[in-house]
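What follows is calculated from the coordinates using simple rules that are stated; it is not laboratory data. None of these values were measured; they are calculated from a predicted model.
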Amino acid sequence: MAVPDVLLAAIAGFVAAILMTLFEFPFWRRWGLDGVAEWQMNSVIVSKIVGRSSREQQLPISWAISGHLFHGTVAGIVFGLFLPIIRLLLPATIMILLSAVLYSTILWLIFSIMLRATFEAAGNMRISNRAALIALFSHCVYGFFLGLAISSI
């Protein structure tokens, strides 16, 4: 993958993460940080980086969203690195789109299900089943828009 392709994959990941965040925003407005598992996890990560407790002193929501957008950008690059293999095996644009949704669902399984207890312990908090389900839907939104954007690379 050439440097311009990596940059395009990063942009695709960033744009998809913005759209994912916009999808999650109404849930945050209704239930706060506890309604959006992604933002809870990013809050824990950021709190560990800056050396604060994620529950003791509420971090600015912009920090959690910034981490979320960063991770979406990195995930776009990783998907872009797999794109030549996906195109070789599944050349149709619809298959790239479906592959991106599958990829985002796998990310959800890893972070929202497999690592859930780790984030809960590290942040001294609980991620609700509702927040995990919202995360699944928002990952599908991310995957759809990532696939849509990246299929043009």
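For the chain, what relative contact order do you get, as a whole percent, if you take Cα pairs closer than 8 Å and at least 6 residues apart?
Values: 184 pairs, mean separation 61.9, N = 153.
40 percent.
The Cα-based radius of gyration and maximum Cα-Cα distance (Dmax) for the chain are 15.7, 50 Å.
Computed from Cα positions, the angle between helix 3-31 and the longest principal axis of the chain comes to roughly 40 degrees. Relative to the dominant Cα principal axis of the chain, helix 61-89 is inclined by about 30°.
Against the compact-protein benchmark of 2.2 N^0.38 Å, the Cα-based radius of gyration of segment 68-123 scales to 1.35.
Extension gain for Trp31 to Leu133 (0.36 nm times residue separation, less C-alpha to C-alpha distance): 35.4 nm. Helix 93-108 and the long axis of the chain differ in direction by around 20°, with both axes built from C-alpha atoms.
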